[in-house]
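Q: Quick one: structure below, then a few questions.
The values are calculated or read from the model by the stated rules, or taken from the named source; none is laboratory data. Note that the structure is a prediction, hence the values are computed from the model and not measured. Note that we place each Cβ from the backbone using ideal geometry, even for glycine, and neighbour counts take in every protein chain shown. Keep in mind that these areas ignore ligands, DNA and RNA; they rest on the heavy atoms of the full protein, side chains included. Shrake-Rupley method; radii C 1.70, N 1.55, O 1.52, S 1.80 Å.
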Amino acid sequence: MAKRLIFLLTLLPLYLYGQSLPADGPLTLRPLLQDLGNRLLQGKTGSIVAINPANGEILCIATHTPQGYDVRQAIGKPQAPGSTIKTAQALTLLSEGIVTTETAVDCNKGFIDGNIRVGCHQHHSPLKLKDAIAQSCNSWFLVTFAAMINDNFIYEDKNEAITTWRSYMQSMGLGGPMHIDIKGEEGGLLAGADYLNRRYKGKWDGKTIWWAGMGQGDITVTPLQLCNLAVTIANRGWFYVPHIHKDTKNKRYLTKRHTKVDASVYTPVIEGMRLAVEKGTATCLRTTYPVCGKTGTVENPGADHSAFIGFAPMNDPKIAIAVYVEHGGFGSDMAAPMAGLIMEQYLKGKLSATSAAKASKLEKTRLSK
């Protein structure tokens, strides 16, 4: 085992830095996590990013594409976040007073508005905030996001509303490059007033863009940004810019950054993420330590993408993670189980026999579009 670790540590810079990653100095990456992540992604296109919430150190940045490893899959390929973004939406809506934890929305297998129908999971109705997160209710987030954009009492107009929404998202590290110490980072799309007025020639409102409320439409992010979102939630409102250089002296990576979110609203959102694991869409992650998570199923041409963000343990977070597997199906099909294995490897030091068997099964699974 010791020889294998030395071998991995020796080859890791060369293995990763074929895509312009800096190789100077010791790295924060954990070889065992990197090895496990790369094995899990074999035969798939996707990425796994894990960060230490306490200091912003990147613990794992595993990727796989048809051409092999490519770090840009994790940091330079913005895609729709799907329902993982509902955590950020809930934090914004609560902070702005658009909703409370008691706000309830009806959902009967989906939402109908005229000739538009949006499907949803089978669950009880109506749902309040925590259950809406746990059950990943599309109806709840479509209705409440549209309500924020159309609110003419709190905001002067839709332009001010969307600008306010965008500022919250940006404060959580979404929408633009965070300037990590890896080349090739890209931003993404957070629809702002100028963009929307150009695209829709001024003829838009909350319903035009309500798809962003459930992580589709005019919003894209990278897996790295999703992992950082999980970090901000784990830390209840702050983060360090992610980095892979150990013991960095660069102030950019040593400066604590705070989100715009009101500190008091993290508790109910975290409780909703915990509920997702206990009895919601992420029950595959039930374990001896409290995991908080949010699944995402991203609609696109072909099979859905599978996504997940989360952290553990709940009240003493040691690891935050994002997994994004293209054409992997529901978030609970591929992304969540992979995240669970990475977290277990990190927190426990090894996989149980049951988990090792699950890892082997995932490794052998091959996906097609």
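Q: In this structure, does Lys44 turn out to be modelled with pLDDT of 95 or more, of a type in the set (Lys, Arg), over 20 Å from Leu174 (Cα atoms) and in contact with a Lys or Arg (Cβ under 8 Å, 6 or more places away or on another chain)?
A: For Lys44, the condition - modelled with pLDDT of 95 or more, of a type in the set (Lys, Arg), over 20 Å from Leu174 (Cα atoms) and in contact with a Lys or Arg (Cβ under 8 Å, 6 or more places away or on another chain) - is met.
Q: Also: Can you tell me which condition Val105 does not meet? The list is (1) open to solvent by less than 40 Å² (accessible area, probe 1.4 Å); (2) within 16 Å of Ala191 (Cβ to Cβ), and all the others hold.
A: Val105 satisfies all of (1) open to solvent by less than 40 Å² (accessible area, probe 1.4 Å); (2) within 16 Å of Ala191 (Cβ to Cβ) except (2).
Q: Residues of the stretch 213-224 being touching a Pro at 6+ places or on another chain (Cβ under 8 Å) and assigned to a helix (DSSP H, G or I), which ones?
A: Result: Leu224, single match.
Q: Okay, next question. Of all residues in the stretch 66-85 being among the hydroxyl-bearing types (Ser, Thr, Tyr) and outside any loop (DSSP other than H, G, I, E, B), which is farthest from Ile51 (Cα to Cα)?
A: Ser83
Q: Would you be able to tell me the number of residues in the stretch 86-134 that are in contact with a Phe, Trp or Tyr (Cβ under 6 Å, 6 or more places away or on another chain) and part of a strand (DSSP E or B)?
A: Number satisfying all stated conditions: 3.
Q: For Gln135, are the conditions met, namely being touching a strand residue (DSSP E or B) at 6+ places or on another chain (Cβ under 8 Å) and either polar (S, T, N, Q) or surrounded by fewer than 21 Cβ atoms within 10 Å (Cβ to Cβ) (or both)? Even if it seems obvious, please write down each step before you answer.
A: On the way: touching a strand residue (DSSP E or B) at 6+ places or on another chain (Cβ under 8 Å): yes; either polar (S, T, N, Q) or surrounded by fewer than 21 Cβ atoms within 10 Å (Cβ to Cβ) (or both): yes.
Against the criterion (touching a strand residue (DSSP E or B) at 6+ places or on another chain (Cβ under 8 Å) and either polar (S, T, N, Q) or surrounded by fewer than 21 Cβ atoms within 10 Å (Cβ to Cβ) (or both)), Gln135 qualifies.
Q: Pairs needed: first member in the stretch 242-256, at pLDDT 95 or above; second member anywhere, hydroxyl-bearing (Ser, Thr, Tyr) and open to solvent by 70 Å² or more (accessible area, probe 1.4 Å); C-beta distance under 8 Å; at least 6 residues apart or different chains.
A: The qualifying pairs do not exist here.
Q: Something else: Out of the stretch 225-260, which residues are assigned to a helix (DSSP H, G or I) and of a type in the set (A, V, I, L, M)?
A: Those that are assigned to a helix (DSSP H, G or I) and of a type in the set (A, V, I, L, M): Leu226, Leu229, Ala230, Val231, Ile233, Ala234.
Q: Return the residue satisfying two criteria in turn: it lies in the stretch 220-254 and is open to solvent by less than 10 Å² (accessible area, probe 1.4 Å) and touching a Leu at 6+ places or on another chain (Cβ under 6 Å), and of such residues it is nearest to Gly310 (Cα to Cα).
A: Gln225
Q: While we're on this one: If a residue has to be more than 16 Å from Ala307 (Cβ to Cβ) and among the aliphatic types (A, V, I, L, M) to count, how many in the stretch 204-219 make the cut?
A: Here the count works out to 1.
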